[in-house]
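The values are calculated or read from the model by the stated rules, or taken from the named source; none is laboratory data. Just so you know, these numbers come straight off a predicted model, no measurement behind them. Here Cβ is always computed from backbone atoms with ideal geometry, including for glycine, and neighbour counts include all displayed protein chains. The area values use the complete protein model at the heavy-atom level, side chains included, leaving out ligands, DNA and RNA. Shrake-Rupley method; radii C 1.70, N 1.55, O 1.52, S 1.80 Å.
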Amino acid sequence: MAWSIWLICIGLLFFITRDNAILQKQQNVNRYIHAYFNDNEEVMMELEGIDLMFSDENLKPMPIKDYREYMTERKKEAKDKTKAGKRK
């Protein structure tokens with residue numbers, strides 16, 4: 001019985017360690033993507049929208065259609081602000 005419990009604990013330890021390594025790798029990939037596209041305002045706006053959508057575990061991610069509409073409005077607002085800034 002003790003041997004079985006010990007094996008289960010070791011298995012869980014390896015599973016958690018592997019899962020943590022995958023999570024760290026994905027976080028590093030995300031950091032590089034953010035750094036690479038830092039100078040592209042439109043892509044950064046998209047990345048920030050995705051980060052916002054998945055930042056709260058209690059919120060259910062919005063459907064893609066709604067997300068696209070939301071991002072289209074944000075991009076339109078950003079372009080309007082840019083145009084208004086250039087006119088001044």
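Taking the protein heavy atoms of the chain in the context of the full set of protein chains, the accessible area attributed to carbon and sulfur is 61 percent at 1.4 Å. Subtracting the Cα-Cα distance of E57 and T72 from their residue separation scaled by 0.36 nm leaves 3.0 nm. For the peptides 17-25, 72-80, residues were scored by their other Cβ atoms within 10 Å and the scores averaged per peptide; the highest-first order is 72-80, 17-25. For the Cα atoms of the chain, what angle does the longest principal axis make with the long axis of helix 2-36, in degrees from 0 to 90, nearest 10? Compared with the principal axis, the helix lies near 20 degrees. In terms of its alpha-carbon gyration tensor, the stretch 9-82 comes out oblate; a/c meets the 1.5 threshold, while b/c is at least as large as a/b. For the chain, the longest principal axis of the C-alpha atoms and the axis of helix 64-87 are separated by about 40°. A simple spin-label model places pseudo-atoms 7 Å from Cα toward Cβ; at W6 and T82 they are separated by 6.4 nm. Per residue, the solvent-accessible area of the chain (1.4 Å probe, heavy atoms of protein chains only, all protein chains present) comes to 92 Å².
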